[in-house]
Every structure is written in structure tokens, then in C-alpha cells.
Amino acid sequence: MNTANQSIKPVTTKINDKGNIEIGGCDLTELANKYDTPLYVFDEETIRSICKSYKDAFKSYPKMRMMFASKAFMTKAICKIMQQEGFGLDLCSGGEIYTAKSAGFDMSKTLFNGNNKSYDELILAVESSIGTISVDNFFELSLLNNIAQSYNKKVRILLRITPGIECHTHEYIQTGHLDSKFGFDLTQLDEAIELIKDEYTNLDFVGLHAHIGSQIFEKKVYFDEVDVIFNEIKRIKDKYNIILSEINLGGGLGIKYTEKDLPVSVYDIAETIIKSIEEHAEKYKIESPYVFIEPGRSIVGTSGVTLYTAGSSKQVPNGRKYQAVDGGMSDNVRPSMYQAEYTVEIANKPQQKSDTLVTIAGKHCESGDILAKDIMLPEIDEGDIICFYDTGAYGYSMSSNYNRVLKPAAVLVNNGKSDIIINRQTYEQLCENDTIPDRLN
Ligand code: LLP
């Protein structure tokens with residue numbers, strides 16, 4: 001069965017009677033007029049449909065737990081949707097913890113991870129009664145134990161390990177290979193366990209955590225990951241008589257940005273994971289553990305599109321045709337950072353023939369600020385609304401104020417209704433943290 005991550009467009013995408021693209025029952029051109037551009041549009045039905053696919057695909061394994069990796073896109077409204085869908089949250093900064101708390105999220109269903117959690121962030125995590133903390137390194141083990149001691153608490157922890165699995169994705173988004181900044185090398189695990197056993201008595205060691213990378217299309221890497229983790233669980237049981245009850249396999253399932261991308265379905269991934277867990281539990285005579293996964297991109301990626309208004313254009317004599325839009329690398333850094341490619345359409349004339357070779361340029365003072373290179377589109381007129389698909393993950397969450405460009409608004413659409421979930425930043429907000437020392441006045 002196909003799942004939403006395998007299609008380029010949100011599940012509700014249509015061409016309406018006016019010949020315009022419509023998502024969630026809302027005409028994109030009208031949304032652009034109403035809310036201005038650049039604008040992120042999120043389709044609630046696509047988010048909920050992929051959440052339902054995850055729940056359905058894993059239902060034969062009752063000890064399965066889903067956490068949304070908030071780094072992909074976090075706002076209070078998304079926290080609410082995740083809570084309603086029964087997902088937990090994977091959080092990786094004080095800001096993400098604060099957002100979840102402010103949205104009233106059940107903090108017992110959260111995991112805090114990251115390779116350099118600060119003292120203040122760990123305090124916030126412990127004070128917020130975060131469900132579990134994935135400890136990344138020796139420095140953090142000792143710091144967290146001290147904090148837990150001072151609060152007279154026992155904190156549930158996982159140890160983040162580097163499983164030594166290379167997956168075929170962009171080098172910057174691979175995380176599970178051996179020479180990685182994340183997690184304990186397997187050869188360091190025993191030292192960490194001995195410290196927990198003998199000294200760090202305020203830590204309750206319940207399991208192992210790994211994450212192998214992002215935008216993954218292969219199933220086999222998950223099988224390999226389960227294999228590495230189970231070998232460790234078995235070894236730890238035999239050597240220390242510690243029974244670990246949780247494993248967390250991280251996120252990573254890919255989405256379809258362009259026709260070239262062939263991500264597998266959530267059902268396929270679920271089948272691989274469940275099968276390998278059951279086989280390993282049987283082989284090692286270990287009680288089946290609670291299994292956590294933390295998808296980010298596959299939950300929100302396909303649901304989001306970005307709308308821009310076409311502005312200036314330029315034909316380089318004997319060269320490229322550039323069409324500039326009113327956003328760029330400040331609202332989507334992925335093309336310049338990872339050479340990411342997107343599918344693009346013109347929201348007010350999707351059915352016109354794509355007979356023009358064009359490069360969509362952002363408005364930033366940087367030659368590398370190109371959003372889509374050499375793509376075929378209909379002839380673009382000034383004022384046309386250009387729609388980039390699949391910007392829901394790592395778009396807003398990696399946005400910046402480069403060139404003091406304001407962060408766009410985001411709306412959530414469903415059944416013909418659109419609601420703002422992030423207001424457009426204002427010039428006043430842009431300057432609100434700037435101060436001028438007296439001596440400069
Ligand atoms: N869990 C952990 C520990 C992670 O580090 C990540 C992503 C996830 C889960 C979620 O992975 P996902 O399901 O979204 O692939 N900015 C890059 C992606 C970086 C991913 C970092 N970690 C991009 O735009 O492609």
C-alpha cells in the first residue's frame with residue numbers, strides 16, 4: 001500500500017474549477033493573496049494520513065512507540081496534532097522543550113537528544129520531567145547525573161550509540177557511520193555502563209538509541225541497525241545482567257521530492273523493522289523490547305508547500321534564464337546546503353505547457369541562492385504564484401533572517417479552511433533584540 005511520503009504532492013492536491021492548484025480545499029493563489037508570500041502552506045490531512053499509516057503499519061507490534069522528530073518542523077499547532085495522533089516528541093534543544101511545554105504537550109512522552117546538551121537545557125529537561133534523555137557522551141553522563149542528584153530524581157536514560165552503518169544519503173545528513181560526532185562508539189559502551197552501574201546512581205539506564213541518517217530509501221539499513229543494537233543488548237545482558245527494555249531506531253524514512261526519488265512505503269519499513277526485531281528477540285531469547293522510532297521528514301515533508309511571487313527575471317545573453325522570487329535561502333536553505341531538488345509548479349497556471357527552461361533564484365545577496373536550477377515550467381509572468389512542493393520538513397525549521405529578510409508565515413489548511421499557525425515576522429520583531437550601547441548614542 002502506498003503512503004503519503006511516496007507522492008510528491010499533498011494528498012488533497014487538485015486543480016480546481018478556476019484551473020488553479022488547490023490544497024486542503026484552498027486555492028493556493030487565493031492563499032497567496034490573503035496571507036502574502038512567501039508562505040508555507042501545510043495540509044493537515046496529509047500529516048494525519050501519514051501518522052495513521054505509521055500507526056496502522058506497526059499495529060502488529062504492540063510495544064511500538066512513535067515519536068515525531070520535532071526538528072523537521074515545530075510549532076505549537078504541530079505539537080497539538082501529534083498529541084492527538086498519539087505520537088510522542090523527539091526534542092533536541094531547550095527551544096524545542098519549551099515549545100512542547102507551552103503547547104501543553106504530555107512531557108512524559110518526550111525524548112531529549114543531542115550531542116551537546118547544555119547545563120541549562122538539561123536542567124530544563126529534568127524540571128520539565130521529560131520522559132527519557134538520550135545521553136550522547138561521557139561529559140553528559142556525569143553532568144546529567146549531578147543534575148539529577150541535585151533534584152533528587154532518577155532520570156531515565158538511553159545511551160546513544162554510533163552503529164557503524166553507512167546509508168546512501170547526502171554526507172551531511174548521514175549520522176550512523178563510525179566517524180560521527182553523535183553518540184558512543186561501540187567500544188566505549190562498556191565504560192559508560194560501568195560508570196552508570198558504579199557511580200551514576202541517579203541514572204536509570206533503560207535502553208539504546210541510534211539514528212543512521214535521513215532521506216533514506218533502503219530498507220536493509222534498518223535491518224542492519226536492529227542487528228547491531230540487538231547484539232549489544234544481548235552482550236550487555238550476558239556481561240552485566242542488565243535487561244534493556246527499550247530500543248530507539250531514530251528516524252530517516254525518505255520522501256519523494258522529484259520523480260527521481262523512490263522512497264519505500266511506511267508499510268515496507270514497518271515490515272522490515274518488525275520482522276528483524278522478532279527474529280532477533282527469538283534468536284537471542286530476549287523479551288521483545290519497546291521499540292521507538294522518530295520520523296521527522298516523512299511526517300511533515302510532503303504536507304508542506306512554499307508559495308512565492310514571481311518578481312524580476314533576467315535572460316543572460318547566451319546563458320540561463322533566471323526568474324527571481326520573493327524568498328530564497330532564508331526560507332529554504334536545502335538547495336544551497338545539500339543541492340536538494342524540488343518539484344515546482346505555477347499555482348495559477350498548472351496546466352499550461354512546461355516549455356521554458358528556467359532557473360528559480362532567491363532574493364538574497366549570494367550567487368548560490370538558487371532554489372531550483374534548470375527546470376521546465378510554463379512561461380512565467382510577473383506576479384505568478386510559484387509553488388515548491390515538499391518543503392514541509394527542514395524548511396521553516398532551518399529558516400533564518402539572512403539579509404534581514406523576514407521569516408514567512410505558515411498556514412494550516414483543511415477542508416477549505418486556512419488558519420495561521422505561524423505569523424509572518426514583522427520589522428519590529430526583527431529588531432526587538434537589538435540594543436544600542438549608550439556610548440554609541
Ligand atoms: N532522530 C534523530 C536522532 C535525528 O538526528 C533525526 C534527524 C531524526 C530523528 C529525524 O530524521 P528524519 O526522519 O527527519 O530523516 N536538515 C537535513 C536533515 C537533518 C536530519 C537530522 N537528524 C535536511 O534538510 O535534509
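Derivation of every value follows stated rules applied to the coordinates shown; laboratory data play no part. These figures come from a predicted structure and were not determined experimentally. Cβ: placed from backbone, ideal geometry, glycine included. Neighbour counts: every protein chain shown.
Over the range 66-109, what lengths in whole Å, largest first, do the semi-axes of the equivalent ellipsoid take, defined as the square roots of 5 times the eigenvalues of the alpha-carbon gyration tensor?
Result for the range 66-109: semi-axes of 13, 11, 10 Å.
Using Cα positions and a limit of under 18 Å, work out the aspartates and glutamates in reach of LYS101, with same-chain residues fewer than 8 apart set aside.
Within reach: GLU85, ASP90, ASP120, GLU121, GLU127.
Filter the cross-link list LYS59/LYS256; LYS321/LYS363; LYS363/LYS407; LYS71/LYS220; LYS9/LYS52 down to pairs whose alpha-carbon distance in this structure exceeds 22 Å.
Result: LYS59/LYS256; LYS71/LYS220 exceed 22 Å.
Working out 0.36 nm times the residue gap between ASP227 and LYS353, then minus their Cα-Cα distance, what length gain in nm do you get to one decimal?
Stretched out fully, the ASP227 to LYS353 stretch lengthens by 40.4 nm.
At 222 nm, what helix-only mean residue ellipticity would the chain give, in deg cm²/dmol to the nearest 500, using -39500 (n - 2.57) for each DSSP H run of four or more?
Computed mean residue ellipticity for the chain: -8500 deg cm²/dmol.
From the square roots a ≥ b ≥ c of the eigenvalues of the alpha-carbon gyration tensor of the range 315-441, which class results: rounded (a/c under 1.5), prolate (a/b over b/c), or oblate?
oblate
For the chain, report the % of Cα-Cα distances exceeding 37 Å.
Value for the chain (Cα pairs over 37 Å): 29 percent.
Taking 0.36 nm per residue of sequence separation and subtracting the Cα-Cα distance, how much length would be gained by fully extending the chain between ASP36 and ASP381, in nm to one decimal?
Length gained, ASP36 through ASP381: 122.5 nm.
Out of all Cα-Cα pairs in the range 44-300, roughly what percent, to the nearest whole number, are more than 33 Å apart? Numbers along the way, then the final one.
Values: 4686 of 32896 pairs.
It works out to 14 percent of all Cα pairs.
Taking Cα centroids, how far is the range 1-16 from the range 113-127 in Å?
38
Please identify which residues in the range 98-127 have an amide N closer than 14 Å to a label point set 7 Å out from the Cα of PHE139, following the Cα→Cβ vector.
114-122
With everything on Cα atoms, drop me the angle between helix 138-150 and the longest principal axis of the chain, reported from 0 to 90° to the nearest 10.
In the chain, helix 138-150 runs at an angle near 70 degrees to the longest axis.
Which whole-number percent is the relative contact order of the chain (Cα, under 8 Å, 6+ apart)?
21
Using only the alpha carbons of the range 1-134, determine the length spanned along each of the three principal axes and report them from longest to shortest in whole angstroms.
Sorted largest first, the three principal extents are 55, 40, 25 Å.
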